[in-house]
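Have a look at the structure below before the remarks.
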Amino acid sequence: MENASAQNHRKIIHIDMDAFYASVEQRDNPEYRGKPLVVGGPPEGRGGVVATASYEARKFGIRSAMSSKQALQLCPHALFVRPRFAAYKEVSQQIREIFSRYTDLIEPLSLDEAYLDVTSDKLNIGSAIEIAQQIKQAIKDELQLTASAGVSINKFVAKIASDINKPDGLKFIGPSAIESFMEKLPVEKFFGVGKVTAQKMKNMGLHTGDDLKKLTEAELSKHFGKVGRFYFNIVRGIDNREVQPHRETKSLAAEDTFAYDLTTIEEMEAELDKIAVTVCNRLQHYQLKGRTITLKIKYHDFKQITRNQSFPAGLNDLETICLTAKKLLAATEPEDKRIRLLGISLSNFGEVPVKQKEEKPTDQLRLFPFK
């Protein structure tokens, strides 16, 4: 089997902006600098959700997808501002222009992160580390923002590396270090491992990559399905996924399966807030607006239903998505029910047809993996 060192022909950079929305707000508004800033809906009302928070706010435990009310409880003197997605899109395009100086192989994941393949860079620099440093410096000099970068020979490791020294970090994990790095990696950091899968792994005594490495490919596939083969390869430093500069987007959705059944409306709404943030970020990145919001529910007995609501015009704002999903949930009379999965999708992109057809619920949402 191919090993990590045999893959070193590929040079991959993952760039992730630091607290992107909040950093843009602090850059453009000097009065916000050095203060705990929350970008999202206000704490008044039911729909307030944190889209992102400045590092000053994160020190108080405030995080993305948390309700604004909870954020205010954690930090009563936090400043709340509504998102300005048009401004964030403009900055994202400026960042993309900096990337394009070095390579055309750019795979954006959202407004604030992307993969770059610099195996053959336009400026013949040759060093992925040097390119990452130049990109970080250009973003800092030209846009007065900071980014963190991960550099490696594949996408998986580069993405993990970019998170290690945040904010304003740069981490290189070379071919000879990948396997030892993967062996020490907690299982919850692996691609496709959510809360439920992580708990399943830990119940099996699998806590790190080293533990996963002790299982055969057949054993991993038996326990975890098709993704088991990915675990088998990645823990050995093998990830052959290419950087894809042209990804067609046909639908936008996200869902989450929970480690335990949700039984209270408060728990359900809190989870919907998190899922809505994921969907909203993707809509903003792809500059899409959908006219139909669909809620997917799977109960403890695996019975699955969908409910949707259509609008006369496309939308992609966080508060409308959150409030609509919660209204659709309430209509299912969730009291005293046990829910194991929730999902939100937006569909019907583009212009409204001359004669709009009545929407019918779908049985299955098409999903992007979580970031």
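Values in this text are rule-based calculations from the coordinates and carry no lab data. Bear in mind the structure is a predicted one, so any value in this text is a computation, not a measurement. Backbone-built Cβ (ideal geometry, glycine too); neighbour counts: all protein chains shown.
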Scalar couplings 3J(HN,Hα) for segment 126-133 by Karplus 6.51 cos²θ - 1.76 cosθ + 1.60 (θ = phi - 60°), nearest whole Hz, x for Gly and Pro, are x, 9, 5, 5, 5, 5, 4, 5
Between GLN287 and ASN29, the FRET efficiency computed from the C-beta separation at R0 = 25 Å comes out, to the nearest 0.05, as 0.55
Checked against the positive end of the charge dipole of the chain (+1 on Cβ of Lys and Arg, -1 on Cβ of Asp and Glu, about the Cα centre), the farthest of SER120, PRO76, HIS300 is HIS300
Most exposed first, judged by fewest Cβ atoms within 10 angstrom, THR146, THR52 run THR146, THR52
Mean Cβ-within-10 Å packing, highest first, puts peptides 209-219, 14-24 in the order 14-24, 209-219
Ordering 123-130, 238-245, 110-117 by per-residue average of other C-beta atoms within 10 angstrom, highest first, gives 110-117, 238-245, 123-130
Under the helix-only model (-39500 (n - 2.57) for each DSSP H run of 4 or more, divided by the residues of the chain), the mean residue ellipticity at 222 nm, to 500 deg cm²/dmol, is -11000 deg cm²/dmol
Computed about the Cα centre, the charge dipole of the chain from +1 Lys/Arg and -1 Asp/Glu charges at the Cβ has a magnitude in debye, to the nearest 20, of 500 debye
With a 20 Å threshold on alpha-carbon distance, the violating pairs from LYS155/LYS214; LYS59/LYS136; LYS274/LYS298 are LYS155/LYS214; LYS59/LYS136
Per the 1/(1 + (r/R0)^6) rule, R0 = 51 Å and r from the Cβ atoms of THR332 and GLU142, FRET efficiency to 0.05 is 0.55
Scoring only Lys, Arg, Asp and Glu (+1, +1, -1, -1) among other residues with Cβ under 9 Å from the Cβ of ILE265 yields -3
The FRET efficiency for LYS213 and ARG241, from their Cβ-Cβ distance with R0 = 30 Å and rounded to 0.05, is 0.90
Note: GLU188 to ASP168 extended length (0.36 nm per residue) minus current alpha-carbon separation gives 4.8 nm
Diffing segment 62-72: the Karplus 3J(HN,Hα) column from phi (6.51, -1.76, 1.60, θ = phi - 60°), in whole Hz with x for Gly and Pro, holds 6, 9, 4, 6, 6, 5, 5, 4, 5, 4, 5
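How about segment 252-352: which trypsin sites (Lys or Arg not before Pro) there lie in a loop by DSSP and see at most 13 other Cβ atoms within 10 Å? Could you put the intermediate results ahead of the total?
Details: sites: LYS274, ARG282, LYS289, ARG291, LYS296, LYS298, LYS303, ARG307, LYS326, LYS327, LYS337, ARG338, ARG340; in loops: LYS289, LYS303, LYS337, ARG338.
Taking segment 252-352 and a limit of 13 other Cβ atoms within 10 Å, the loop trypsin sites (Lys or Arg not before Pro) found are LYS303, ARG338.
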With DSSP loop assignment and no more than 16 other C-beta atoms within 10 Å, the GluC sites (Glu not before Pro) in segment 16-53 are GLU44
Note on segment 252-349: alpha-carbon gyration tensor, axes a ≥ b ≥ c; rule is a/c under 1.5 for rounded, else prolate if a/b larger than b/c, else oblate; result prolate
